[in-house]
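One structure is given below, encoded as structure tokens.
The values are calculated or read from the model by the stated rules, or taken from the named source; none is laboratory data. All values derive from a computational prediction rather than experimental measurement. No Cβ is skipped: glycine too gets one built from the backbone with ideal geometry, and neighbour counts run over all protein chains shown. Note: accessible area is taken over every heavy atom of the protein model, side chains too, but ligands, DNA and RNA are not part of it. Shrake-Rupley method; radii C 1.70, N 1.55, O 1.52, S 1.80 Å.
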Amino acid sequence: EDQVTQSPEALRLQEGESSSLNCSYTVSGLRGLFWYRQDPGKGPEFLFTLYSAGEEKEKERLKATLTKKESFLHITAPKPEDSATYLCAVLPYMDTGRRALTFGSGTRLQVQP
Amino acid sequence: SAVISQKPSRDICQRGTSLTIQCQVDSQVTMMFWYRQQPGQSLTLIATANQGSEATYESGFVIDKFPISRPNLTFSTLTVSNMSPEDSSIYLCSGGQGESTDTQYFGPGTRLTVL
């Protein structure tokens, strides 16, 4: 069974204090790993897709990296507007062509000014 | 990317009634999905909405409780039937191109409260 574990559950940072969020996964074969941002009362907003170990993607203050067992979302010099819940999801290889994502429980990030 | 809208955005319903949630995508998508997100928790997949055929349901979800329609490549509905307070949740739809890209884009969600 596919599993996704995110840590920490919650993280409070001061503005400008860089940190990393972790996403550990267990899947029979990884087709892709996804990061989303979710603001309260809204649907998840797509951030990154990573397909192979060693791959990195960047967007503004965020950088996502991937190994064979986990992914990190690095936040450099965060601002209060980066406060949100960050969700990680995996898509396994399936002979059936199934494309359903398995989500982790998320990390709630709060950045204080 | 795809822009997805949902209606209604929220509703308060009585026990035993049914609610149909609509999901509209601004472009044709191969895959559409319905998720449930209970307060403070992550997303759980309810079913994959297949165009022209029956939806594929995940373990713990059944067609009689959550009937789904997908009449074309831009639209789907989810009905929550015979509701109970345990059905209070946020219901989200997502869409993706499937084989050409695995990325799924999400709608804003429908917040359902059952009294």
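Here is a yes/no grid of residues against (1) open to solvent by 20 Å² or more (accessible area, probe 1.4 Å); (2) part of a strand (DSSP E or B):
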| site | (1), (2) |
| --- | --- |
| B:12 | yes, yes |
| B:15 | yes, no |
| B:27 | yes, no |
| B:44 | yes, yes |
| B:48 | no, yes |
| B:52 | yes, no |
* **Of all residues making up the stretch B:62-100, the number that are assigned to a strand (DSSP E or B) and open to solvent by less than 10 Å² (accessible area, probe 1.4 Å)** => 10
* Taking the stretch B:101-115 as the search range and keeping residues that are assigned to a loop (DSSP other than H, G, I, E, B) and closer than 28 Å to residue A:48 by Cα, which one is farthest from the other protein chains (Cβ to nearest Cβ)? -> B:101
* To do: State which residue is nearest to the chain's Cα centre (by Cα) when the search covers only the stretch A:42-51 and only residues that are at pLDDT below 95 and open to solvent by 60 Å² or more (accessible area, probe 1.4 Å).
  => A:51
* Residue tally, condition open to solvent by 50 Å² or more (accessible area, probe 1.4 Å) and of a type outside the set (Gly, Ala, Ser), over the stretch A:9-23 -> 5
* To do: Answer yes or no: is there a residue in the stretch B:66-84 that is closer than 26 Å to residue A:2 by Cβ, within 11 Å of chain A (Cβ to nearest Cβ) and touching a residue at least 12 places away in the same chain (Cβ under 8 Å).
  => no
